[in-house]
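Visitor: Sharing a structure here in structure tokens format.
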Amino acid sequence: MAKTYVTIMGSVFITLLLVGAGGYFGLPLLFPNLNDDLTSYLEEEDLEDYTKTEDLTDDGILLQTKYNESQIGATIQSYDLVYEKIPDPELSITTGGNSKLSVAFEGVILQQLGASFVGNTIYNITLDILGVENRTTNIYYTLNSAYGATIEISRNVHISFETDILSAGTYSIALFWKSTISHPAGHSNLYFITGYPRSIYAQEIAG
């Protein structure tokens, strides 16, 4: 019985030895790129962790992010031809210098045309870093003949841009809008709906 046990254990040991040796020497022959793939994977994992730790962006190291949101309704009429500040959202961000700002606006807006509206209507919406730089997008519509009923068109608005290197200071960011073509009251307006969020965010990125 003891001899049989020794024989079995010996067989198991030899089998494990052969399997281990086969895997060690055989796998590189069957999968010649195994070590390279593993090395690449580990390097990618290290890079990913470093990116998360250092808050890297495509343009540099992210120093801070600020965000503001509003759900308060706002309306502009087609006869409002002078820029007005949109009441919220707006924000201020204080930078340390030798850095740039990346800013963006997101929101859903409705354009309303009256039943007798005919022609063109154009509105400008501007995202402005006051005293530094701004970007404008247009909301427009053309109708060749009166539709006979009120029309409402929803639009997703996105504006974004990045500044050059800025000195240290506090920068205010706000939204402005105006109409560029006047129509009689009730023919055309643009508005943000109460309860639907619109937002501004700003990021300071090391230069």
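Visitor: For a label point 7 Å from the Cα of LYS66 along Cα→C-beta, name the residues of the stretch 87-117 whose backbone N is under 13 Å from it.
Guide: 90-97, 101-104
Visitor: Before I look further, what does the stretch 113-164 give for accessible area per residue, probe 1.4 Å, in whole square angstrom? Can you show the working numbers first?
Guide: Values: 2810 Å² over 52 residues.
For the stretch 113-164, the per-residue accessible area is 54 Å².
Visitor: Which net charge results when you count Lys and Arg as +1 and Asp and Glu as -1 among the other residues whose beta-carbon is under 14 Å from that of HIS158?
Guide: On the way: positive: ARG135, ARG155, ARG198; negative: GLU106.
Net of charged neighbours comes to +2.
Visitor: Add +1 for every Lys or Arg and -1 for every Asp or Glu among the other residues with Cβ under 11 Å from the Cβ of ARG135, and state the total.
Guide: On the way: positive: none; negative: ASP128, GLU133, GLU162.
With Lys, Arg at +1 and Asp, Glu at -1, the neighbours total -3.
Visitor: Same structure again: Taking amide H positions as placed in the peptide plane 1.01 Å from N, state which residues far from LEU63 in sequence (5 or more) or on other chains have amide H under 5 Å from it.
Guide: Answer set, sorted by chain and number: GLU204, ILE205, ALA206.
Visitor: Can I ask one more? For a quick protection proxy, order the peptides 109-115, 93-99 by their average other-Cβ count within 10 Å, most packed first. Before the final figure, lay out the partial values.
Guide: Details: 109-115: 18.4, 93-99: 14.7.
Going by the mean number of other Cβ atoms within 10 Å, highest first, we get 109-115, 93-99.
Visitor: For the pair SER116/ILE165, report the inter-label distance in nm, with labels modelled 7 Å from Cα in the Cβ direction.
Guide: Placing both labels 7 Å along Cα→Cβ, they lie 6.0 nm apart.
Visitor: Moving to a separate point now. Which one of ILE86, SER145, THR126 is farthest out on the positive end of the charge dipole of the stretch 69-146, using unit charges on Cβ (Lys, Arg +1; Asp, Glu -1) and the Cα centre as origin?
Guide: The residue sitting farthest along the positive end of the dipole is SER145.
The values are calculated or read from the model by the stated rules, or taken from the named source; none is laboratory data. Since this is a predicted model, take the numbers as computed values, not measurements. Ideal geometry is used to build each Cβ from the backbone, glycine not excepted, and the neighbour counts take in all protein chains shown. When the accessible area is computed, the model is the full protein with side chains, heavy atoms only, and any ligands, DNA or RNA have been set aside. Shrake-Rupley method; radii C 1.70, N 1.55, O 1.52, S 1.80 Å.
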